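The values are calculated or read from the model by the stated rules, or taken from the named source; none is laboratory data. Note that the structure is a prediction, hence the values are computed from the model and not measured. Cβ: placed from backbone, ideal geometry, glycine included. Neighbour counts: every protein chain shown.
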Amino acid sequence: MSGVDGKSAGPAAAELPRPEDVNCPPELREQIEAAMARYPQVRSASIPALWAVQHHYGWCTPEGIRQAAAVIGVTPAHLEGVASFYDLFKLEPGGRHQVLVCTNISCWMNGGDRLLDAFREAAGVEPGASRSADGELSVEPFECLGACDIAPMAAIDMRYYGPLTAEDAATAVAELRAGEDPLPARRLADRPKAGGS
């Protein structure tokens, strides 16, 4: 059976959420539509749409995925497939603050495993878990964050910090819990540019 555009109107078409049936927050809808406008094929806006959902809700909630799918005109299964492929999309609730500790070769050789343990201990993350009991922090290893020159390093709330020590981990966790900006002297974005300004 074909739809009006000559494409199959099989089960996948029936799974498309209708925009009028989904209550998408206006600010989330605006972000997704702005992303869609940047691409010749709206399906290409899947990743920015998922970032918008994760930023809005703190993780890629099932309802947030359904809202984004309705705006883009794809199935929620399509967006779930994209989100499950990439490590930085969270399909379960995480902590209010996210710490990703690089464990690839450069960081590992410079103490990345010890740094990960220090962050977990400071945050109170139990072995085998990734989130602190109070829900404030998620601490996870990450295979490579691509900043070998500042090894060992971590991404704290998507900002790069390094090189870091176990003492820095404890300080960062205390500052995050106090609502402060962590480790400003170790933040990569605040360092002088190579060769001057």
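Exactly one of these conditions fails for Ile65: (1) out of contact with any Asp or Glu (no Cβ under 8 Å at 6 or more places or on another chain); (2) closer than 15 Å to Leu91 by Cα. Give me its number.
(1)
Out of the stretch 153-168, which residues are more than 17 Å from the chain's Cα centre (by Cα) and of a type in the set (D, E, K, R)?
Glu167, Asp168
Could you tell me whether any residue of the stretch 51-62 is exposed (fewer than 14 other Cβ atoms within 10 Å of the Cβ), more than 27 Å from Ala169 (Cα to Cα) and free of Cβ contacts under 8 Å to residues at least 40 places away in the same chain?
The answer is yes; a qualifying residue exists.
Filter the stretch 124-179 down to residues that are of a type in the set (Gly, Ala, Ser), part of a loop (DSSP other than H, G, I, E, B) and buried (at least 17 other Cβ atoms within 10 Å of the Cβ), then give me how many there are. Let's see the steps before the verdict.
The first filter runs over the stretch 124-179 and keeps only residues of a type in the set (Gly, Ala, Ser), leaving 124, 128-130, 132-133, 135, 138, 146-147, 151, 154-155, 162, 166, 169-170, 172, 174, 178-179.
When the remaining residues are screened for being part of a loop (DSSP other than H, G, I, E, B), the result is 124, 128-130, 132-133, 135, 146-147, 151, 162, 178-179.
Filter once more, so that each one left must be buried (at least 17 other Cβ atoms within 10 Å of the Cβ): 130, 132, 147, 151, 162.
Number of matching residues: 5.
Go over the candidates Val42, Val82, Val99 one by one and state the one that is modelled with pLDDT under 95 and of a type in the set (Val, Ile, Thr). Quick ask: steps written out before the conclusion?
Numbers: Val82 fails: modelled with pLDDT under 95; Val99 fails: modelled with pLDDT under 95.
The match here is Val42.
So which residues in the stretch 169-197 are without any contact (Cβ under 8 Å) to a residue 24 or more places away in the chain and closer than 19 Å to Ser132 by Cβ? Let's see the steps before the verdict.
Initial filter on the stretch 169-197 (without any contact (Cβ under 8 Å) to a residue 24 or more places away in the chain): 171, 175, 178-181, 184-185, 190-197.
Across the stretch 169-197, the qualifying residues are Thr171, Glu175, Ala178, Gly179, Glu180.
Please list, ordered by first then second residue, the pairs with beta carbon atoms under 7 Å, 6 or more apart or interchain, first in the stretch 156-168 and assigned by TED's automatic domain parsing to the domain that holds Gly146, second among the basic types (Lys, Arg) and in a strand (DSSP E or B).
Arg159/Arg187; Tyr161/Arg187
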